[in-house]
Each structure stands twice: as C-alpha cells, then as structure tokens.
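In what follows, a single structure is set out as structure tokens and then discussed.
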Amino acid sequence: MSTFEGIWVPLVTPFRQGKLDLYSAQQLALSLSAAGVHGLVVCGTTGEAATLNEHEQEKMLCGVTEAVQNRCPVAFGVSGSDTRAVAEKIERLNALRPAAFLISAPSYVRPSQEGIRLHFEALAAVAESPLILYNIPARTGVNIDVGTVLALEHRANIVAIKESCGNLLQTMELINRSDLHILCGDDAMLLNTLCLGGHGAISAAAHIRPDLFVHLFELVRAEQIGPARSLFKQLLPMIQLLFSEPNPGPVKAALAMQGQILDELRLPMTPMSAAGRIKLAKALEKLKTIPLAGQTAKSGRAVAGEPRMLGLVK
C-alpha cells in the first residue's frame, strides 16, 4: 500500500483561551494514529489555517510530527493566491520535512486553467516533499479540470489529489484517466469514491470513530461491498451532521463532547449552534453502539474465530 492511500484526517487546531493548544493537538494526533488512520494533515481547511500565523502553523507541524513520530505521515496544508509568496513559504517549510504539501488552487483571483497549471508547476519546482493537489472550488472559486490534472502528472513529486469538487462524474474521470492517487475530500461521497477505485480520503468526519472509517476502507479493499455499504449507512447521519454547519464547528463540538478538546474556534468561524449540538449529541450516542472491528458490543474484547465485522445492518 502506498503512503498516499487510506484514511487521512485533516487535524483540527485546538485552542484554549484564544491560544494554540498544542498539547491537545498532540494527544488528538496520537489517538487518531492509534486508531489506525493512515496519515494526518495539519493546517488544512479543517485546521483553520487561515486564522493561524506562520509561527503557529509551524508549531502545529512540528508538534504533531513529534507526537506521532513514525506512526503515520504528517502532511502540511498550504494555500495562497500569489504564486511567488506560496513558493517562498514552501522553500522555508522544506526544512521541516513534512510528508507532503497539500496545496489548493489559488483562491479569489480565479485564474485560467493554464494559470492553475503554471502555479502548481512553480510550486513543484521548489518543493522537496511530494505535492497533493487540492481541488475545492466551493472555497477557491475555481475548479481544477481533469485536463489540468493530467497535464501536471509529468511532475514526479505531484503524487495525489484531494478531490472535493462534489461532482462524481469528474471524480470517475480522474480515477479512470489519472495516474495520481485520488483521495476523496467530500465525506458524503466516500463510499462511492472508494468503490469506483479511489485510493482513500482526507476526511474531517474521520475525527469521530476513526476506527470505523479505517475499517470501511479495508472492507472496500477486500471487495466486501455489502458490509461496506451497511457500515457507511450507519456513518452517513453523523457525516451529514458534521457538515450541516460550517466546518470545523461541528467537528470541534463533537470532539469537545468526547473531552478531547475545548469547543473553541477563531473568528470568523463560530461554534456549532445549540440546536445542532443537541442533534450531534444524539448521533454520537448512537455511533458509540457500533463495536470495534473484531469486538463484541458487550465486552469490547476480540472474539476468536469471528469475522471482523462491525455490527453491520444485515
């Protein structure tokens, strides 16, 4: 299995009284790696990178990398509309040796496809770590067309794309035509993407019961599509709630309910509404009833000789 496959989690950035809570970030990273996630991304969209200064961003990368050590790779999110400025930032960050840079298309300026291609080529030329393209037109205002992705494949250090276009047909075309690793960035499309041949996901929802998301990936790889569909049916209500309000408000609310972080965001992001938290609390209680793979719901212990199922809908 390649490094850039499986379930990656774009780590939230915990705050405490307005300041970066690095200890909680490290403990959360350790918990996720212990649950079997295949990689972490710091300073992505879910990590509220836009509200972190460069010192805080570097502290997050170094702190999380130190915490997980070699348990899983840690990538770093980079964005910006000025190609020169982004390239200079990557050159500075090369010294920290992230497992990869997750880079979105330039936002707001809405460049042509040629401009997008040249932007990524300029960044690939200075990066000493692999690049994961990040296509999220709902936030950037521009789509990275399939033709542009194919034109970038000749760069040896462009290795994957996080596809968050929301268009299943485009995702299918990428899977069929591209040699890059295709990672789902729209959690509601996770099962579809995996079943079509996608290589994994960078999933904010996987903060919550990451073991189940990892097992979903394993089920699809083992071509156990029926059990995978049943498991995803159980996960989908939680996924929908986690994106019912602006991300990462609901994710942080869920983690706070579990005692892992404080429910604190930086403006302009705000915590989940009171009504949303009520629904979320009920969904979390229901999700707790799904046992770990290979365990019984009552004892929590592995049962010898039983298949690794998750209390799936028959």
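Before moving on, here are some points about what is shown:
- Extreme residue, nearest to G259 (Cα to Cα), among residues of the stretch 180-234 that are acidic (D, E) and either in contact with a helix residue (DSSP H, G or I) (Cβ under 9 Å, 6 or more places away or on another chain) or assigned to a helix (DSSP H, G or I) (or both): D211
- For the stretch 123-155, a residue qualifies if it is loosely packed, with under 15 Cβ neighbours inside 10 Å and among the hydrophobic types (A, V, I, L, M, F, W, C), and the qualifying residues are A125, V126, A138.
- Qualifying positions in the stretch 154-170 - in a helix (DSSP H, G or I) and closer than 17 Å to S104 by Cβ: Q170
- Of all residues in the stretch 94-117, those satisfying the criterion of being without any contact (Cβ under 8 Å) to a residue 60 or more places away in the chain and either polar (S, T, N, Q) or surrounded by 21 or more Cβ atoms within 10 Å (Cβ to Cβ) (or both) are N94, P98, F101, I103, S104, A105, P106, S107, S112, Q113, I116.
- Every residue from the stretch 156-177 that is under 21 Å from G77 (Cβ atoms), at pLDDT 95 or above and surrounded by fewer than 20 Cβ atoms within 10 Å (Cβ to Cβ): N157, V159
- Of the criteria (1) out of contact with any Leu (no Cβ under 9 Å at 6 or more places or on another chain); (2) among the basic types (K, R); (3) within 19 Å of L292 (Cβ to Cβ), which one R139 fails: (3)
- Scanning the stretch 76-86 for residues that are surrounded by fewer than 19 Cβ atoms within 10 Å (Cβ to Cβ) and out of contact with any His (no Cβ under 8 Å at 6 or more places or on another chain) yields G80, S81, D82, R84, A85.
- Residue within the stretch 4-17 that is basic (K, R) and without any contact (Cβ under 8 Å) to a residue 60 or more places away in the chain present: no
- Taking the stretch 26-69 as the range and being part of a helix (DSSP H, G or I) and touching a residue at least 60 places away in the same chain (Cβ under 8 Å) as the test, the residues that pass are Q27, L28, S31, L32, T51.
- Taken together, the residues in the stretch 175-218 that are in contact with an Asp or Glu (Cβ under 6 Å, 6 or more places away or on another chain), within 24 Å of L28 (Cβ to Cβ) and not polar (S, T, N, Q) amount to 3.
- Single residue of the stretch 28-63 satisfying the filter (exposed (fewer than 15 other Cβ atoms within 10 Å of the Cβ) and among the polar types (S, T, N, Q)) that is farthest from the chain's Cα centre (by Cα): N53
- Of all residues in the stretch 86-123, those that are touching a Phe, Trp or Tyr at 6+ places or on another chain (Cβ under 7 Å) and within 16 Å of V146 (Cα to Cα) total 1.
- Per this entry, Q258 is not counted among residues that are free of Cβ contacts under 8 Å to residues at least 24 places away in the same chain and either of a type in the set (S, T, N, Q) or buried (at least 19 other Cβ atoms within 10 Å of the Cβ) (or both).
- Set side by side, the residues A188, A201 differ, and just one is at pLDDT 95 or above, within 14 Å of the chain's Cα centre (by Cα), under 24 Å from C72 (Cα atoms) and not charged (D, E, K, R), which is A201.
- Of the residues making up the stretch 270-314, those that are assigned to a loop (DSSP other than H, G, I, E, B), crowded, with 16+ Cβ neighbours inside 10 Å and either β-branched (V, I, T) or modelled with pLDDT of 95 or more (or both) are P271, M272, I290.
- Matching residues, the stretch 71-95, being among the small types (G, A, S), in a helix (DSSP H, G or I) and either touching a strand residue (DSSP E or B) at 6+ places or on another chain (Cβ under 8 Å) or more than 25 Å from R110 (Cβ to Cβ) (or both): A95
- Of all the listed residues (E114, E66), the sole one being charged (D, E, K, R), within 22 Å of S33 (Cα to Cα) and over 18 Å from the mean Cα position of the chain (by Cα) is E66.
- Matching residues, the stretch 1-13, being within 19 Å of P250 (Cα to Cα) and either touching a Gly at 6+ places or on another chain (Cβ under 7 Å) or surrounded by fewer than 24 Cβ atoms within 10 Å (Cβ to Cβ) (or both): W8, P10, L11, V12, T13
The values are calculated or read from the model by the stated rules, or taken from the named source; none is laboratory data. Predicted model only: the values in this text are computed from it and were never measured. We place every Cβ from the backbone using ideal geometry, glycine too, and count neighbours over all the protein chains shown.
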